[in-house]
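Here is the structure we will look at, set down as structure tokens.
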Amino acid sequence: MPTGYQIQNQSATYYLTFQVVYWIDLFTRKSYRDIIIDSLRYCQKEKGLEIFAWVIMSNHVHIVPRSAKGDLSGTVRDFKKYTSKKIIEEIEKSPESRKVWMLRLFAHAAKRQNKKGDFQVWTHENHAVELFSNKFIQQKVEYLHNNPVRAGIVDSPEKYLYSSAVSYADMDGLLEILPIILEWKTVR
């Protein structure tokens, strides 16, 4: 069911949230986070995805992207479809202690949505918010980077490896980003 948070301008910069169904803490495992990183790299290289900021939390991903090819919706669709498939494959083949529980919930989500496939990993909503001013961009990037601090995972954003805050602190991050000039603020 659409909520109004949709990608209208396919070439604009957006703040997006990809949420795991039922808020399942999927990304507590490195192997699942790596699927996200590898897929984002592929989208950058092959689909023209430009990433300004990102973070992977335990049950959701925030990203500030733009499509150089003017097809952000298509890239997001392909990203979510591919990562869903790879995550399910990883759950099925790995010694995942939560395997039965997670697969049951992913199957339930698919049935609930009358989805064609057997499993649904991501919710349909991306909570797409178009970023239209420097102040608004600053606000969203700060929120995104400080998410691990607010969650009590780290005491400063740049200490969290699965975030672009590392790159903004002039260290080598996991993904190439297009940096935005920001005033650095850490929330405590």
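What follows is calculated from the coordinates using simple rules that are stated; it is not laboratory data. On a predicted model such as this, the values are computed, not experimentally measured, just so you know. Cβ sites come from the backbone with ideal geometry, for glycine too, and all protein chains shown count toward neighbours.
At a glance:
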quantity	calculated
Residues of type lysines that Lys80 reaches as a straight line, Cα spacing below 21 Å, ignoring anything fewer than 8 places off in the same chain	Lys30, Lys45, Lys47, Lys69, Lys93, Lys99, Lys111, Lys115, Lys116
Burial ordering of Leu49, Leu161, fewest other beta-carbon atoms within 10 Å first	Leu161, Leu49
Sites Lys99 and Leu178 - FRET efficiency at Förster radius 35 Å, r taken between beta-carbons, to 0.05	0.40
Nearest-20 debye value, the stretch 62-150 charge dipole, Cβ charges on Lys, Arg, Asp, Glu	200
Cα convex hull of the stretch 100-148, projected area averaged across orientations, nm²	5.1
Calculated log₁₀ intensity ratio I(q)/I(0) where the Debye formula runs over C-alpha points of the stretch 86-184, q = 0.19 Å⁻¹	-0.99
Paired Rg and Dmax values of the stretch 71-127, which use every Cα atom, in angstrom	12.1, 38
Set of aspartates and glutamates near Lys85 by C-alpha distance (under 20 Å), chain-local residues within fewer than 8 positions excluded	Asp25, Asp34, Asp38, Glu46, Glu96, Asp118, Glu125
The stretch 37-134 - Rg and Dmax from Cα coordinates, angstrom	15.0, 46
For the chain, alpha-carbon Rg and Dmax in angstrom	16.3, 46
